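Visitor: Once you've had a glance at the structure underneath, I'll fire off some questions.
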Amino acid sequence: MTPRKHDVVIVGGRCAGAATALLLARMGHDVALVDRATFPSDTLSTHAISRSGVVQLHRWGLLDAVLASGAPAIRSIGFGTPDGLAERTVKATAGVDLLVAPRRHVLDTLLREAAADAGATPYEATTVSGLLRDATGRVCGVQAGDQELHGRWVVGADGLRSRTARDVGAQVRDRTLSPSGTFYAYVDGLDARGFEFHPAPQALIGVFPTHGDQACVWISAPATALSGLRSAGGDKPTALRHLISTKAPDLGRRLRGCRINAPVRGALNLPNQVLQPTGPGWALVGDAGYHRDPITGHGITDAFRDAELLARALDDELNGHVSLAAVADRYDRTRTAALRDVLAITRALTAFPPLDQFTTLQKQLSAAIEREASWLAGLPVPGSALSVAA
Ligand SMILES: Cc1cc2nc3c(=O)[nH]c(=O)nc-3n(C[C@H](O)[C@H](O)[C@H](O)COP(=O)(O)OP(=O)(O)OC[C@H]3O[C@@H](n4cnc5c(N)ncnc54)[C@H](O)[C@@H]3O)c2cc1C
């Protein structure tokens, strides 16, 4: 088959890959967005988007579409206390006054459609089985199903177990296994008005209202405390209710009349890891290049932030404004600085220190997210000059 030529070939088409494709396409580049899944497709993840991620959706003109999909606008956050739920209104800062938790089969599909509308070429049900290199060893394309896709850049947005990262030999700069785990399920009929966080000794339990009047109910805890839940087989819903009732009795009571309507899913001991983000002809974005335990609910936001940092750097190189080495250096420096605070807080939270220290860390997380949100809100929107000119 004749190879197809693109400026950029992106492996993995969810929140990191589709967002990178969207921005590069809006900046006028020819992008292939390849995923082995067929969309709409769900993935293992709860899906609260922190303020900085919502800022990205708003700046990219996608927040209205996310809300129109039926994901409820979250205007309050409740914290479980011994005296009941202490609710706070989501403040208007960095240009947004709400949060949102769209199901991933909806969010990822919407991002892919936006990328396609901007001119990217989506390939689905297409597995990338290897990289192509030129005579100098520079990565110059991928083998995707039975065809070759050539590109000046190949972006690995293929998730935590990235084949791209492995095939390019990306150096692991920092890696520890999280001592923690997270499990979740969906329930009908819970009286949740907004996001809820119920800190307890050695656990954090939460609620994220989502589409169809359902709520995602989850628990993060030391992996040792969740191993029984993991091995509970068909009794997982009962085991989840029991754990939540033990750790957050008020929420446990509210859940009694609610039906768990989907399998309990989750993961233990995921890595906290940072990989070298670029090399000759390749770059990594999203979980492929940086992963943190889900306790901070920041993976989608990391993907959106780094998609923009990478798209800007690649745009400059593709337009001949900067050298390859400068692209590598800029993306590396900005990503490293941007991920530092939340990664440190994630590691500290998953150690489940005494409750007062845990609460202090949650406040630090909220402050770090506010800083990130105002920084992102102040950046020029990629591709906006082009869309104005058009
Ligand atoms: C239990 C849990 C709860 C979480 N909760 C939250 C939360 O509340 N909020 C939040 O922000 N984050 C959360 N996260 C993190 C979030 O899910 C991830 O950070 C996010 O999915 C990363 O997106 P990504 O696009 O980088 O990778 P992924 O979503 O993993 O997408 C990678 C894509 O690459 C494709 N792919 C892989 N290999 C190939 C190949 N060879 N060829 C073609 N395609 C390929 C896959 O099919 C997939 O579609 C959670 C994670 C877990 C595990």
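Visitor: Excluding residues fewer than 8 places away in the same chain, name every one of the aspartates and glutamates whose C-alpha is closer than 12 Å to that of LYS91.
Guide: Those aspartates and glutamates meeting the cut-off are GLU370.
Visitor: Something else: Relative to 2.2 N^0.38 Å, what does the C-alpha radius of gyration of the range 78-136 come to as a ratio? Two decimals please.
Guide: The reported ratio for this selection is 2.04.
Visitor: Note the full-extension length gain between ASP97 and ALA135 as 0.36 nm times their separation in residues minus their Cα-Cα distance, in nm to one decimal.
Guide: Values: separation 38, 0.36 × 38 = 13.68 nm, distance 5.19 nm.
Contour length minus Cα-Cα distance gives 8.5 nm.
Visitor: Which angle between 0 and 90 degrees, to the nearest 10, do you get for helix 324-349 versus the longest principal axis of the chain when only C-alpha atoms count?
Guide: 10 degrees
Visitor: Taking the dipole about the Cα centre of the chain, with the C-beta of Lys and Arg at +1 and of Asp and Glu at -1, give me whichever of GLN273, LEU98, PHE39 is farthest to the positive side.
Guide: Final value for the positive-end residue is GLN273.
Visitor: Moving on to the next point. Rank by packing, highest mean first: peptides 255-265, 56-66, 179-189, with packing defined as the count of other Cβ atoms within 10 Å averaged across residues. Can you show the working numbers first?
Guide: Values: 255-265: 14.9, 56-66: 19.6, 179-189: 21.5.
In decreasing order of mean packing, 255-265, 56-66, 179-189 become 179-189, 56-66, 255-265.
Visitor: Check the straight Cα-Cα distances from LYS363 and name the aspartates and glutamates below 13 Å, setting aside those fewer than 8 residues away within the same chain.
Guide: Within the straight-line cut-off, LYS363 pairs with ASP341.
Visitor: Next question, about the same structure. What size of dipole, in debye to the nearest 20, comes out for the chain about its Cα centre when the only charges are +1 on Lys and Arg C-beta atoms and -1 on Asp and Glu C-beta atoms?
Guide: 740 debye
Visitor: Next up: By count of other Cβ within 10 Å, fewest leading, how are HIS242, HIS47 ordered?
Guide: HIS242, HIS47
Visitor: Now, a different point. Computed over the Cα atoms of the range 179-268, what is the convex hull's projected area averaged over all directions, in nm²?
Guide: Values: hull surface 20.8 nm².
Approximately 5.2 nm², given one-decimal rounding.
Visitor: How far, in degrees from 0 to 90, does helix 15-26 lean away from the longest principal axis of the Cα atoms of the chain, to the nearest 10?
Guide: Taking Cα atoms only, the helix is inclined about 40 degrees.
Visitor: I would also like to ask the following. Which of the aspartates and glutamates could a cross-linker span from LYS247 if the Cα-Cα distance has to be under 17 Å and same-chain partners fewer than 8 positions apart are dropped?
Guide: ASP83, GLU196, ASP356
Visitor: Let me ask something else about it. Expressed as an acute angle from 0 to 90° and rounded to the nearest 10, what is the orientation of the C-alpha long axis of helix 355-377 relative to the principal long axis of the chain?
Guide: Result, in degrees: 30.
Visitor: Sticking with this one: For the chain, what size does the Cα cloud have along each of its three principal axes, sorted from largest down, in whole Å?
Guide: Cα extents, longest axis first: 64, 43, 35 Å.
Visitor: To the nearest 500 deg cm²/dmol, what mean residue ellipticity at 222 nm is calculated for the chain from DSSP H runs of n ≥ 4 alone, each contributing -39,500 (n - 2.57), summed and divided by the residues?
Guide: Numbers: 12 runs with 149 residues, N = 390.
After summing the helix terms and dividing by residue count, I get -12000 deg cm²/dmol.
Visitor: Sticking to Cα atoms, compute the Rg of the range 134-178 to one decimal and its Dmax as the biggest Cα-Cα distance, whole number, in Å.
Guide: 12.9, 40
Visitor: May I pose another question? Taking the Cβ-Cβ separation of ASP316 and HIS211 as r and a Förster radius of 35 Å, what is the calculated FRET efficiency to the nearest 0.05?
Guide: Working: r = 38 Å, r/R0 = 1.09.
So, using R0 = 35 Å, E works out to roughly 0.40.
Coordinate-derived values only; no laboratory data. Being a predicted model, the structure only gives us computed values, none of them experimental. A quick note on method: Cβ atoms are made from the backbone with ideal geometry, for glycine too, and the neighbour counts reach across all protein chains shown.
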